Amino acid sequence: MENKLEIKTPEFVSVQFSLAGLGSRAAAFLIDQAIIIITYLLLFLLFYFIDESISIFADGSSILFAVIIISIFVIQWGYFFVLEFFYGGRTIGKKLIGIRVIQENGHSLTLLSSIIRNLLRIIDALPTSYFIGMIMVFFHSKHKRVGDIVAGTIVVHERSKKKKDKKSSMEEELNLRGLYIGSQLLDKDVVSSYNQKDWELVKVYYNRFLQLPYNERVDITEKLAIILLPKAGVNLSTLSQNEKENYLLFLYILLKEEWEYEL
């Protein structure tokens, strides 16, 4: 059963996530472990070709044995840390299954939270085969293992994308407003002024735009315009409500090319 979690950002934008349960997390983990095991095999072959006369069980091979043990730890821990931190909370397994790790406040993983949640895999793996981790994910209300609890992270399902050959209502809205990638409303160079947090804000705005009651849309548009549009050098004092909406929606179009992840 998928649990829903609604997070309200400091900018008063509500975002709803589907929490990833034990099944999807275990499937992603098995894929990742298969990749890691293949890496181990390649590593052992490398050491073998370096000196095929050395056996890791021989008395004179203690240095090589130590190097292999350290390498195993680095690969096992580094694989998850590097991919999750630098690849938007996704390992290869998570990407294939369609889940990702985020902070509990809805923001992307920080360096510290990624380090903590992955170092604590040592505890989650006890006593064997990730027993503690599986029990925690199964019984915890937010499907958290020990590493998630300490690091303040959650694992969520990616939002499914609509087929490209079906025009969404929002795409029709953009056409009616004359907004498309070749428009001159904002220069494409402004993309460099925005970070992933900005992208997530404008993406939520875009996805909820047509569902928002008018008064709520006016309120959220004003708040996001104050946060986002000055970064593009836009003078808010001269803009109408409709123009602010157009700027924010066009900003979504520009940032999508930079920040949208293909699943």
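From the phi angles alone, apply the Karplus equation (6.51, -1.76, 1.60; θ = phi - 60°) to the stretch 246-258 and give each ³J(HN,Hα) in whole Hz, x where the residue is Gly or Pro.
Coupling constants for the stretch 246-258: 4, 4, 5, 5, 5, 4, 4, 4, 5, 6, 4, 4, 8 Hz.
Using each residue's phi in the stretch 132-138, evaluate 6.51 cos²θ - 1.76 cosθ + 1.60 at θ = phi - 60° and report the 3J(HN,Hα) Karplus result to the nearest Hz, with x for Gly and Pro.
Those phi angles translate into 4, x, 5, 4, 5, 4, 5 Hz.
Helix 196-208 against the longest principal axis of the chain: what's the angle in degrees, Cα atoms only, rounded to the nearest 10?
The helix 196-208 is inclined about 50 degrees to the chain.
Can you tell me the 0 to 90 degree angle between the C-alpha axis of helix 22-50 and the longest principal axis of the chain, rounded to 10?
That works out to roughly 50 degrees.
R0 = 25 Å: FRET efficiency of LEU42 with ILE69, Cβ-based, nearest 0.05?
Rounded to the nearest 0.05, the efficiency is 0.90.
With a 1.4 Å probe and every protein chain kept in, tell me what percent of the accessible surface of the chain is carbon plus sulfur.
63
Any idea of the accessible area per residue across the stretch 68-165, 1.4 Å probe, to the nearest Å²?
52
Mind pulling the angle between the C-alpha long axis of helix 62-86 and the longest principal axis of the chain? Nearest 10 degrees, somewhere in 0 to 90.
10
With a ≥ b ≥ c the root eigenvalues of the C-alpha gyration tensor of the stretch 189-263, is it rounded (a/c under 1.5), prolate (a/b larger than b/c) or oblate?
oblate
For GLU258 and PHE49, calculate 0.36 nm times their separation in residues minus their Cα-Cα distance, and state this gained length in nm to one decimal.
Here the segment from GLU258 to PHE49 would lengthen by 71.0 nm.
Under a point spin-label approximation (7 Å from Cα along Cα-to-Cβ), what is the LEU239-GLN211 distance to one decimal in nm?
It works out to 2.4 nm between the two label points.
Of LYS95/LYS223; LYS144/LYS188; LYS4/LYS188; LYS4/LYS256; LYS142/LYS256; LYS4/LYS231, which ones are farther than 31 Å apart at the Cα?
The answer is LYS95/LYS223; LYS144/LYS188; LYS4/LYS188; LYS4/LYS231.
For the chain, with a Gaussian network of springs between Cα atoms less than 10 Å apart, report the residue from LEU46, LEU126, LEU179 with the top mean-square fluctuation.
LEU46
The values are calculated or read from the model by the stated rules, or taken from the named source; none is laboratory data. Because the structure is a prediction, the values reported are computed rather than measured. Note that each Cβ is placed from the backbone with ideal geometry, even for glycine, and that neighbours are counted across all protein chains shown. Quick note on the areas: whole protein, heavy atoms, side chains included, nothing else; ligands and nucleic acids left out. Shrake-Rupley method; radii C 1.70, N 1.55, O 1.52, S 1.80 Å.
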